[in-house]
Amino acid sequence: TPYVLTANHCYSNPATWIFRFNWESATCSNPASSPSFVSLSGATLRSRRTPSDFCLVEITGGLIGGTVPAAYNTYFPGWDNSDTPPTSAMCVHHPSGDIKKLAFDDNPLISANGMGSAEANSQWRLIWDQNTTTEPGSSGSPLFDQVGRIVGQLWGGGASCTNLSSPDYYGKVSYSWEPAGSNSTNQLKFWLDPNNDGNTVMD
């Protein structure tokens, strides 16, 4: 199922969203002109929640057989809802709307309560390593643990190319999974574990 996880603070009418695929450079440096890409348009809101700042949509436009065309060479990453602190992490993002970039944290993630959340320890806090960073516009991008499972989405923070030592905060998948009193409109479990298998990780 072509779900896309992003941040709730990025929400607008998903029917107007455009999803770009393979918009990337062959090297770390940006090429002289924008690389080519393919895209799909239109999605439906499935679930969103403010205290852990998540939004889950399902792409609905341009699908073949109910999913993204095979020619797009798409990877559907797994997730970890266990709340076990990853030993390291990385992020795939589009800083300030730029083409795909990567950021790396070589250290264990720390549970935190930042960004004004009403829920203690609802975020992962990190400081980027290897001279990498996110930027404004990276919001909603996925945070992957050391084995490539999504554990959060970017809420915010002070990290930027001019402030490499400032922390970022990611809403935890574990806090978005099945919050007390939640239902299909404000949790991830209903959509990502539809058979109620009870898995804590999915590759």
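The values are calculated or read from the model by the stated rules, or taken from the named source; none is laboratory data. All values derive from a computational prediction rather than experimental measurement. FYI the Cβ positions are ideal-geometry reconstructions off the backbone, even for glycines, and counts take in every protein chain you see. Surface areas here come from the heavy atoms of the whole protein model, side chains and all, with no ligands, DNA or RNA. Shrake-Rupley method; radii C 1.70, N 1.55, O 1.52, S 1.80 Å.
For the chain, what does the accessible surface come to per residue with a 1.4 Å probe? Please give it in Å².
For the chain, the per-residue accessible area is 49 Å².
Under 8 Å for C-alpha pairs, at least 6 residues apart: give me the relative contact order for the chain, rounded to a whole percent.
So the answer I get is 22 percent.
Could you tell me the ratio Rg/Rh of region 142-203? Both radii from Cα atoms, Rh via Kirkwood.
We get a ratio of 1.08 for region 142-203.
Could you order peptides 68-75, 110-117, 151-158 by the average number of other Cβ atoms within 10 Å of their residues, highest first?
The densest-packed peptide leads the list: 151-158, 110-117, 68-75.
Determine which lysines satisfy two conditions relative to LYS172: a Cα distance under 20 Å, and not lying fewer than 8 residues away in the same chain.
Leaving aside lysines fewer than 8 places away in the same chain, those within reach of LYS172 are LYS189.
Over region 110-162, what per residue volume does the convex hull of the Cα atoms give, in whole Å³?
Convex hull of Cα atoms, per residue: 89 Å³.
How large are Rg and Dmax for region 9-123 when only the alpha carbon atoms are used, in Å?
Computed over the Cα atoms of region 9-123, radius of gyration and Dmax are 16.8, 45 Å.
So how strong a dipole does the chain carry about its Cα centre when Lys and Arg Cβ are +1 and Asp and Glu Cβ are -1, to the nearest 20 debye?
With only Lys, Arg, Asp and Glu charged at Cβ, the dipole is about 440 debye.
Quick one: compute a quarter of the convex hull surface over the Cα atoms of region 97-203 and quote it in nm².
With every direction weighted equally, the projected area is 7.7 nm².
Run the accessible area of the chain with a 1.4 Å probe and give the carbon-and-sulfur part as a rounded percent.
Roughly 52 percent, rounded to a whole number.
For the chain, what is the calculated [θ] at 222 nm in deg cm²/dmol (nearest 500), taking -39500 (n - 2.57) for each run of four or more DSSP H residues and dividing by its residue count?
The helix contribution divided over the chain gives -1000 deg cm²/dmol.
Give the shape of the chain as rounded, prolate or oblate, defined through the alpha-carbon gyration tensor: a ≥ b ≥ c are the square roots of its eigenvalues, a/c under 1.5 means rounded, and otherwise the shape is prolate if a/b is larger than b/c and oblate if not.
Oblate.
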